[in-house]
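Since the structure comes first, as structure tokens, the remarks are kept for the end.
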Amino acid sequence: MKCINRPDYISLCFDQPQQILSSAVLNGGLCQARSLLNLKVDQYAKPPFAPPAQTLAAKASELELPQPVTAMMTAASMKSLRHQQIQIASHTVQAWVTCGLSNLLRPGDPATVSQQPGQQSIPEPGTINIWLHSSTALTPAAMAEALILLTEAKTTAVRDFQLKSRETGRDASGTGTDSHAVICPSAEKDTHASEYCGKHTPLGEAIGLAVYQAVSESIQACINSGQA
């Protein structure tokens, strides 16, 4: 795999298609892709805006990223990128994180936008975007479990920094626009895919450590830069 970090984007490319489960704007859900894109957008841009998926597809084409592409966007600085690699037993896990902190919220906070037909918006600057790659192939159920564990690890890091919701002042769990992706090799007919990756497993331990450490370092970078 190859990761490129530029002031306006981060990309991750693979030689072979990977299985991906994500909340990404472009090619989200459960799919296969050969590259990922995390695009920085201008938080001060004025409407009208092109649809986010259209903007991401155009940038991926401009960069000539291997297709298909799974892509997300953020207004956070690419300088917040932090990467962690953890190996436990036969499992190697890597996490890439970018973050801003001005959009911190907790589940159940009052809604701040009304999703009306035709409404256009861009992400706020406080997005925590996470890519998690497992060298071990995972079943769809295990990918869902990994996405849960990724989110728990992110929330634990946010709580350990005692970050607060901008709406209620109570403990935050993330931001209102976080986007996450779990990535792993596509399981071939002769390849065993792991069915579990919870906290009791070595793979789950690696996932938790990689995400927690990368998120913690990215939060600290954001705080140090004064962009929190």
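Taking THR168, is it among the polar types (S, T, N, Q), at pLDDT below 90, more than 24 Å from ALA24 (Cα to Cα) and outside any helix (DSSP H, G or I)?
Values: among the polar types (S, T, N, Q): yes; at pLDDT below 90: no; more than 24 Å from ALA24 (Cα to Cα): yes; outside any helix (DSSP H, G or I): yes.
Spelling it out, it is not the case that THR168 is among the polar types (S, T, N, Q), at pLDDT below 90, more than 24 Å from ALA24 (Cα to Cα) and outside any helix (DSSP H, G or I).
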Would it be correct to say that SER35 is over 22 Å from HIS133 (Cα atoms) and polar (S, T, N, Q)? no
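Quick grid of which residues meet (1) under 15 Å from ALA181 (Cα atoms); (2) acidic (Asp, Glu); (3) free of Cβ contacts under 8 Å to residues at least 40 places away in the same chain; (4) touching a Ser or Thr at 6+ places or on another chain (Cβ under 6 Å):
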{"position": "LYS2", "(1), (2), (3), (4)": "no, no, yes, no"}
{"position": "ILE10", "(1), (2), (3), (4)": "yes, no, no, no"}
{"position": "VAL25", "(1), (2), (3), (4)": "yes, no, no, no"}
{"position": "THR55", "(1), (2), (3), (4)": "no, no, yes, no"}
{"position": "ALA60", "(1), (2), (3), (4)": "no, no, yes, no"}
{"position": "GLU64", "(1), (2), (3), (4)": "no, yes, yes, no"}
{"position": "ALA71", "(1), (2), (3), (4)": "yes, no, no, no"}
{"position": "ARG82", "(1), (2), (3), (4)": "no, no, no, yes"}
Does MET72 qualify as being of a type in the set (A, V, I, L, M, F, W, C) and buried (at least 24 other Cβ atoms within 10 Å of the Cβ)? yes
Just name the residue that is most open to solvent (accessible area, probe 1.4 Å) out of those in segment 174-193 that are more than 11 Å from ILE128 (Cα to Cα) and under 24 Å from the mean Cα position of the chain (by Cα). ALA187
Quickly run through segment 183-199 and pick out the residues that are in a loop (DSSP other than H, G, I, E, B), in contact with a strand residue (DSSP E or B) (Cβ under 7 Å, 6 or more places away or on another chain) and under 30 Å from GLY108 (Cα atoms). CYS197
Matching residues in segment 11-24 - criterion: being surrounded by fewer than 21 Cβ atoms within 10 Å (Cβ to Cβ), modelled with pLDDT of 95 or more and either polar (S, T, N, Q) or under 12 Å from the mean Cα position of the chain (by Cα) (or both): SER23
Name the one entry in HIS180, HIS133 that is of a type outside the set (Val, Ile, Thr), in a strand (DSSP E or B), in contact with a Leu (Cβ under 6 Å, 6 or more places away or on another chain) and at pLDDT 90 or above. HIS180
Of (1) over 22 Å from ILE148 (Cα atoms); (2) open to solvent by less than 50 Å² (accessible area, probe 1.4 Å); (3) in contact with a Leu (Cβ under 9 Å, 6 or more places away or on another chain), GLY169 satisfies every one except (3)
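Identify all residues within segment 25-36 that are within 12 Å of the chain's Cα centre (by Cα) and either over 20 Å from ALA142 (Cα atoms) or surrounded by fewer than 15 Cβ atoms within 10 Å (Cβ to Cβ) (or both); write none if there are none. Walk me through it before giving the result.
First, the residues of segment 25-36 that are within 12 Å of the chain's Cα centre (by Cα): 25, 28, 36.
Passing the criteria: VAL25, LEU36.
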Restrict the check to segment 203-226 and report whether at least one residue is in a loop (DSSP other than H, G, I, E, B) and either at pLDDT below 95 or open to solvent by 30 Å² or more (accessible area, probe 1.4 Å) (or both). yes
Flagged in segment 37-48 as surrounded by 12 or more Cβ atoms within 10 Å (Cβ to Cβ) and at pLDDT below 70, in numbering order, are GLN43
Residues (open to solvent by less than 50 Å² (accessible area, probe 1.4 Å) and over 20 Å from THR136 (Cα atoms)) located in segment 75-96: ALA75, ALA76, SER77, MET78, SER80, LEU81
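The values are calculated or read from the model by the stated rules, or taken from the named source; none is laboratory data. Just so you know, these numbers come straight off a predicted model, no measurement behind them. Backbone-built Cβ (ideal geometry, glycine too); neighbour counts: all protein chains shown. Note: accessible area is taken over every heavy atom of the protein model, side chains too, but ligands, DNA and RNA are not part of it. Shrake-Rupley method; radii C 1.70, N 1.55, O 1.52, S 1.80 Å.
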